[in-house]
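Notes for the one structure printed next.
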Amino acid sequence: MIKAEHLHKSFGDNEVLSDITTTIEDGEVVTVIGPSGSGKSTYLRCLNLLETPTKGKIWIDDVEVTDPKSDIMKVRENIGMVFQHFHLFPHLTVRENITYAPMKVKGKSKAEANQIADRLLEQVGLSDKADAYPSRLSGGQKQRVAIARALAMEPTAMLFDEPTSALDPEMVKEVLDVMKSLADSGMTMIIVTHEMGFAREVADRVLFLDEGKLVEEASPVTFFENPKTERAQDFLSKIL
Amino acid sequence: MKKAGFLIAGAMLFTAACGAEENAPELNETGGNNGDNNVENNADTNEAADNEDTDENNNEENGAENEEDAYEEGDTLIMGTSADYPPFEYIETGESEEIVGFDIDLANRITEELGYELEVEDMDFGSLIPALDTDRVDFVMAGMRPTEERRENADFSDIYFRSAHSIVTAADSGIEDVDDLEGMTLGVQLGSIQEGQAEELQEDVEGIEVETRDRIPEMIQEIHTNRFDAVILADTVADNYTDDNDDLTSFTLPNEAEEDGNAIAFQLDSQLTEEFNGVLAELEESGELDELILEWFDGDVADAAGAGEDEEETEEDNDAENNEEADEDNNNTNED
Amino acid sequence: MGLDFAALAPSYPFILRGIWVTLQIVAVAAVLGFLFGVILSLMKIGRFTFLRWIADAYTSVFRGTPLVLQLMIIYFGLPQVLGIEIAPFVAAFSAFALNSAAYVSEIIRAGINAVDQGQKEAAQALGISYGEMMKDIILPQAMKNILPALMNEFITLTKESAIVTTIGVMDIMRRAYIVGGETFSYFEPLLFAGFIYYCLVMVLTVLGRLVERRLRQSD
């Protein structure tokens, strides 16, 4: 369970998030949508403290992670994150990208880590790329490796920050397919995305953010077919 | 005092002349006392060996305090030099890494006499006085002249090598003073101190043609063959040739600076200055110093240095060199 | 000007033996300077204002004063302050290491800053500690970018090492001076020394290219 309470985030005078309260239950798949600059990414990055909230509290499984005494590293271990621009480690091979954190952070042996890597690479369909460097991969392949890298830490939840936005259109599907099967396996997922079809198909719930505020929160069917707020209606009319 | 010394040393590196004056009085007290006290203290310690503990402790403490600046027999003295100035100090680079030369031999002779061990350390000429001032070396011999500026930062021994120059001519040449050299050919050893002297003469007297040779014996031969009318040599060397060759005569060039010569540099108020002067005086009296000078300045220094080697000339060399009492091969002199 | 290199022939080995001396000083100084430079650069990009201030002050002093002065202070001054003996060789590589660290720290700092911020976030998101992240993720990538600048620094170091002549370390340059003094021909030994330095720098350059190529294999 990931809970945010009265979350605020400002960069200088610019308030990016304003009083956001959400609760994501275990096994739930939640998509976060909204116009660009609405604070979607900042919200996501606050959840694993890549951004420090200006105000408000965040709990993960009953632990208040915004408490200065809490161990942020421990929190991050348990929450995987996938970035828009992949951020694979370019000087490491695909296998090393995946095995590095389990070995260094979780103290797994090289054999164990390799086993995990092999399993995950098979899961994302890239077993043949284990020894390649990231620069040899296509965008879609890179993102699938990035997902495998995050999964290697055996997280309880996964955050996706616009995972398909930097991809050529023909590669979007391969990444979404991986994410879909992950959702099917019961992983808790919070996904910031512009893929409305995917959001509708996979999500249990949709969060709609605009100008830093949580404007609407609903099931995908309700949200896409019968948005309650004017701003959501306006947004959907522009993109659908 | 240590800190002050350090700061001054730092400043000295840039402004060579400054600083020593503030430094001097302090050094004076401690340095001077240490030198004197030390002998007594040592004697005390020996005598007091069986005495009460307190006494012993006292003496030991005093001894420890004085140790830094005082020298005792058996100590190793570090001599700073700049080994690029033959024949005073140089390395026969074709053969070894060892620093040899007149200064080295003399230093060996003096320290041997005083019962010290000697270690020679090479460094840039400009670093020598700072090295002395900062206690990296105990004394400096590097063909160094005791100029006023240097005297502010170091003590100097008596002059041990006077660089007076003589003009040597054929006995029947009729050349009796500098003016007689007008229009003459003057020989000088390549790279020697006398080269500068020859240039000065050229400015003073019209029509002097200066020619160089690598070795002094060659130059003497050139007088015999009439190619040179005169040659210019260090006075000690010149005397040596004229004493031994009736057909040669010489006169000494007027020397402007009376104190023009080389001296050994010490730390200000070092006990060594006096000790070294004592031995220098002995060596001068016994003629050993002159012998050493002859050994290094008469004959083929250039040969030893490996420049302009010319095998055919060696027969003629024997004439000129038969007066050398020491071993002809300068290399060996360093070893004793 | 007539140059006679043949007359120097017996002295060439004497000068050549200085290569080993020069290389020893440069190698030790380069390694120590690099390690210290890394530490300084980490202080500069770190969170602690005080450490940052120290590192910046250090850099400004060592970049702002002549290397020869630093060498002199270490060789002549330090032994008096600390009451210890510092051998010429030790003084030489210490001075160069300390000086080089100032330059290296700036090079590395720039190199670290040039690494994509996303790399840091990715590492953080995986729960990787700051130290491990720097060591395994950020620095290796920074190295690739800064290698040419770093190589430049080592080349400069090699040539600048010639100032150890002032404290009497028998390096290439000092040996050239001594041969010049001995043979009364100053230019030839110096030109020969110059030729040796040039060769050393060429070797360094080639080595640098090889390392660079190796690091670029992931591209």
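Taking amide H as placed 1.01 Å from N in the peptide plane, residue B:248 has its amide H under 5 Å from the amide H of B:171, each at least 5 places away in sequence or on another chain. Were the residues from residue B:148 through residue B:211 laid out at 0.36 nm apart, the gain over their Cα-Cα distance would be 19.2 nm.
Can you tell me the FRET efficiency between residue C:156 and residue B:199 if r is taken as the Cβ-Cβ distance and R0 is 45 Å, rounded to the nearest 0.05?
Numbers: r = 40 Å, r/R0 = 0.89.
Efficiency at R0 = 45 Å is approximately 0.65.
At a Förster distance of 60 Å, what's the computed FRET efficiency of residue A:173 paired with residue C:63, Cβ-Cβ distance as r, to 0.05?
On the way: r = 55 Å, r/R0 = 0.92.
Working from the Cβ atoms, E equals 0.65.
Taking amide H as placed 1.01 Å from N in the peptide plane, the amide H of residue A:215 sits under 5 Å from that of A:208, A:209, A:210, each at least 5 places away or on another chain.
Sorting C:161, C:129 on solvent-accessible area from highest to lowest, probe radius 1.4 Å, gives C:129, C:161. Placing a label point 7 Å from the Cα of residue C:203 along the Cα-to-Cβ direction, the residues of region C:1-26 whose backbone N falls under 16 Å from that point are C:13-26. In order along region B:109-126, the phi-based Karplus estimate (6.51 cos²θ - 1.76 cosθ + 1.60, θ = phi - 60°) of 3J(HN,Hα) comes to 4, 5, 5, 4, 4, 8, x, 9, 8, 10, 10, 9, 10, 8, 7, 4, 3, x Hz; Gly and Pro are listed as x. Distance between the 7 Å Cα→Cβ label points at residue B:285 and residue B:162: 1.9 nm. For the peptides A:63-76, A:213-226, C:21-34, residues were scored by their other Cβ atoms within 10 Å and the scores averaged per peptide; the highest-first order is C:21-34, A:213-226, A:63-76. Sequence-ordered 3J(HN,Hα) estimates for region A:189-194 from the Karplus curve with 6.51, -1.76 and 1.60 and θ = phi - 60° stand at 9, 10, 10, 8, 8, 9 Hz, glycine and proline given as x.
Pairs A:104/A:180; A:108/A:129; A:213/C:120; A:104/C:144; A:9/A:55; A:108/A:180: which exceed 18 Å Cα-Cα?
Details: A:104/A:180 29 Å; A:108/A:129 22 Å; A:213/C:120 28 Å; A:104/C:144 23 Å; A:9/A:55 7 Å; A:108/A:180 28 Å.
Flagged as over cut-off: A:104/A:180; A:108/A:129; A:213/C:120; A:104/C:144; A:108/A:180.
Note on C:113-125: average number of Cβ atoms from other chains within 10 Å of each residue's Cβ is 6. Only Cα pairs under 8 Å and 6+ residues apart enter the sum, and on that basis the relative contact order of chain A stands at 27 percent. For region B:176-214, list residues with backbone N below 12 Å from a point placed 7 Å from the Cα of residue B:227 toward its Cβ? Backbone N within reach: B:187-188, B:211-214. Across B:117, B:97, B:211, A:77, the residue with the most accessible area heads the list, and the full order at a 1.4 Å probe is B:117, B:97, B:211, A:77. Phi angles of region C:64-80 translate, via the Karplus equation with coefficients 6.51, -1.76, 1.60 and θ = phi - 60°, into HN-Hα couplings of x, 10, x, 4, 5, 5, 4, 4, 4, 5, 5, 6, 9, x, 4, x, 6 Hz per residue; Gly and Pro are given as x.
Calculated FRET efficiency, residue A:165 and residue A:238, Cβ-Cβ r, R0 22 Å, to nearest 0.05? Spell out each step's value before the answer.
Numbers: r = 17 Å, r/R0 = 0.77.
After rounding, the FRET efficiency stands at 0.85.
With the whole protein complex present, residue A:180 retains an accessible surface near 50 Å², based on a 1.4 Å probe. Put simply, the amide H of residue A:93, placed in the peptide plane, has no neighbours under 5 Å, leaving out anything fewer than 5 places away on its chain.
For region B:164-254, report the accessible area per residue in Å² (1.4 Å probe, heavy atoms, rounded to an integer). Intermediate values should be presented prior to the final figure.
Numbers: 4090 Å² over 91 residues.
For region B:164-254, the solvent-accessible area averages 45 Å² per residue.
The values are calculated or read from the model by the stated rules, or taken from the named source; none is laboratory data. All values reported here derive from a predicted model rather than from experimental measurement. All Cβ positions, glycine included, derive from the backbone under ideal geometry; neighbour counts span all protein chains shown. To get the accessible areas, we keep the full protein, side chains included, count just its heavy atoms, and leave off ligands, DNA and RNA. Shrake-Rupley method; radii C 1.70, N 1.55, O 1.52, S 1.80 Å.
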